[in-house]
Amino acid sequence: MEINPHKESKLVEVWLSREDQASQEVQARLREVYRRCAKEKYTVAVFCSGQQDLVEETSALLRYNRRCSAERAVQREKARKRQASR
């Protein structure tokens, strides 16, 4: 478990690995973090590691975004040509 407080924004980031998510000890510590932060009026944001391959999922997302961008460019070009022919 990694805890990153940000005093200026009254935010505490908590990063949990897969092992942390399954640990009863870590969960007890996390409840204590919630309690302390509530007392000091901080917001707690908990980030949990996923179950899928980060490289593969990121690559798929980039491919999808590139394809969408290309499709939008084609649509803009078609619209431009339609406007020009009027």
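Would you point out the residue of region 12-64, among those that are among the β-branched types (Val, Ile, Thr), in contact with a Leu (Cβ under 9 Å, 6 or more places away or on another chain) and not in a helix (DSSP H, G or I), that is nearest to MET1 (Cα to Cα)?
VAL14
Output the residues belonging to region 9-45 that are over 21 Å from the mean Cα position of the chain (by Cα) and open to solvent by 100 Å² or more (accessible area, probe 1.4 Å).
GLN24, GLU25, ARG29, ARG31, ARG35, ARG36, LYS39, GLU40, LYS41
Can you name the number of the only condition in (1) surrounded by 12 or more Cβ atoms within 10 Å (Cβ to Cβ); (2) of a type outside the set (A, V, I, L, M, F, W, C); (3) part of a helix (DSSP H, G or I) that SER69 fails?
(1) is the only condition that SER69 fails.
The values are calculated or read from the model by the stated rules, or taken from the named source; none is laboratory data. Keep in mind it's a predicted model, so treat the numbers as computed, not measured. Cβ coordinates were reconstructed from backbone atoms using ideal geometry, including for glycine residues, and neighbour counts include every protein chain displayed. Surface areas here come from the heavy atoms of the whole protein model, side chains and all, with no ligands, DNA or RNA. Shrake-Rupley method; radii C 1.70, N 1.55, O 1.52, S 1.80 Å.
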